[in-house]
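A short write-up of the structure that comes next.
The values are calculated or read from the model by the stated rules, or taken from the named source; none is laboratory data. Remember, it's a predicted structure, so these values are computed and weren't measured experimentally. Cβ coordinates were reconstructed from backbone atoms using ideal geometry, including for glycine residues, and neighbour counts include every protein chain displayed.
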Amino acid sequence: MSAAAMSASALERHLAQPAGSAVFGPAELDGLPDPVRRYLRTAIGPGTPLATAAALRMRGTIKLGRWLPFRATELLAPQRGFRWSARVAGVVSGSDSYAAGQGRMDWRLLGVLPVMRADGPDVARSAAGRAAGEACWVPTALLPRFGTRWSAVDERHIRARTTIDGTSCDVDYTLDEQARPTRIVLDRWGDPDGTGAWGWHPFGFEVTAHATFGGLTVPAAGRAGWFVGTDRRERGEFFRVTLTALRPVT
């Protein structure tokens with residue numbers, strides 16, 4: 001069943017599959033490059049259940065012509081999809097979702113008047129990239145046992161390669177001295193200029209704070225947008241966020 005065909009409750013049941021009995025230990029890191037091992041040891045506390053999904057709460061501002069405040073919840077399962085539900089400026093509400101290879105955007109003014117509705121292959125491919133980029137919020141889901149293939153460029157730069165419903169994603173992490181991510185970048189399918197011409201563009205999250213929730217140390221604040229690493233970065237930025245809660249699904 002596609003994300004578009006699922007009810008909100010059915011989609012959340014699909015995403016919120018509980019973790020098994022396994023917990024994080026040194027054997028999970030066998031064979032990984034040293035910088036990747038340092039990152040995962042920093043991100044996941046010993047004995048943490050190996051959750052593949054998490055429930056998040058966040059607040060921030062989003063650029064819709066101008067910067068507007070939002071509050072949102074998200075159920076995120078990087079290998080299966082996500083449902084991000086938000087209220088913007090108190091008057092626009094809706095959700096972005098992805099599951100079973102299908103993506104959907106559904107936003108309304110005052111809960112009634114359609115503001116944006118979109119689906120189809122382009123939306124789905126872009127949403128798969130979003131799920132891969134947001135996997136930093138569920139680092140247990142990035143362990144090799146769940147299909148992530150890791151490599152290291154040097155001590156501060158590592159790469160996670162995942163495949164989500166046939167869409168391959170390479171996500172590059174820049175680490176600080178404590179092996180925490182400071183920048184997360186990938187080539188993501190999108191139409192950031194709104195021209196109708198979709199293609200691959202650099203997309204990234206620049207991290208400004210970290211926090212620990214339920215044994216997971218994750219990026220807790222930052223800004224995201226298109227054209228990261230280019231002279232169009234400021235124009236492409238559209239999302240500034242602070243996590244207020246994160247609960248691994250166990």
Condition met for G103 (under 21 Å from L64 (Cα atoms), in contact with a Phe, Trp or Tyr (Cβ under 6 Å, 6 or more places away or on another chain) and not acidic (D, E)): no
Of a type outside the set (G, A, S), at pLDDT 95 or above, out of contact with any Gly (no Cβ under 7 Å at 6 or more places or on another chain) and not in a helix (DSSP H, G or I): does that describe W189? no
Confirm whether A3 is surrounded by fewer than 19 Cβ atoms within 10 Å (Cβ to Cβ), modelled with pLDDT under 95 and among the small types (G, A, S). no
Return the total of residues in the stretch 193-239 being assigned to a loop (DSSP other than H, G, I, E, B), of a type in the set (G, A, S) and at positive phi. 5
Across the stretch 164-186, the tally of residues that are free of Cβ contacts under 8 Å to residues at least 40 places away in the same chain, of a type outside the set (V, I, T) and closer than 23 Å to G236 by Cβ stands at 3
With respect to A141, determine if the residue is in contact with a strand residue (DSSP E or B) (Cβ under 6 Å, 6 or more places away or on another chain) and of a type in the set (G, A, S). no
Result of the Cβ filter at 7 Å on the stretch 226-238, keeping first residues that are in contact (Cβ under 8 Å) with a residue 60 or more places away in the chain and partners that are surrounded by fewer than 16 Cβ atoms within 10 Å (Cβ to Cβ), at least 6 apart or interchain, is F238/K63
Scanning the stretch 52-71 residue by residue, the ones that are buried (at least 20 other Cβ atoms within 10 Å of the Cβ) and not in a loop (DSSP other than H, G, I, E, B) total 5
Restricting attention to the stretch 147-160, does a residue exist that is surrounded by 20 or more Cβ atoms within 10 Å (Cβ to Cβ) and either at pLDDT below 95 or among the basic types (K, R) (or both)? no
Within the stretch 99-121, tally of residues that are without any contact (Cβ under 8 Å) to a residue 40 or more places away in the chain, on the phi < 0 side of the Ramachandran plot and not hydrophobic (A, V, I, L, M, F, W, C): 5
Of the numbered conditions (1) over 24 Å from R188 (Cα atoms); (2) of a type in the set (A, V, I, L, M); (3) modelled with pLDDT under 95; (4) in contact with a helix residue (DSSP H, G or I) (Cβ under 8 Å, 6 or more places away or on another chain), A51 satisfies every one except a single condition; which is it? (3)
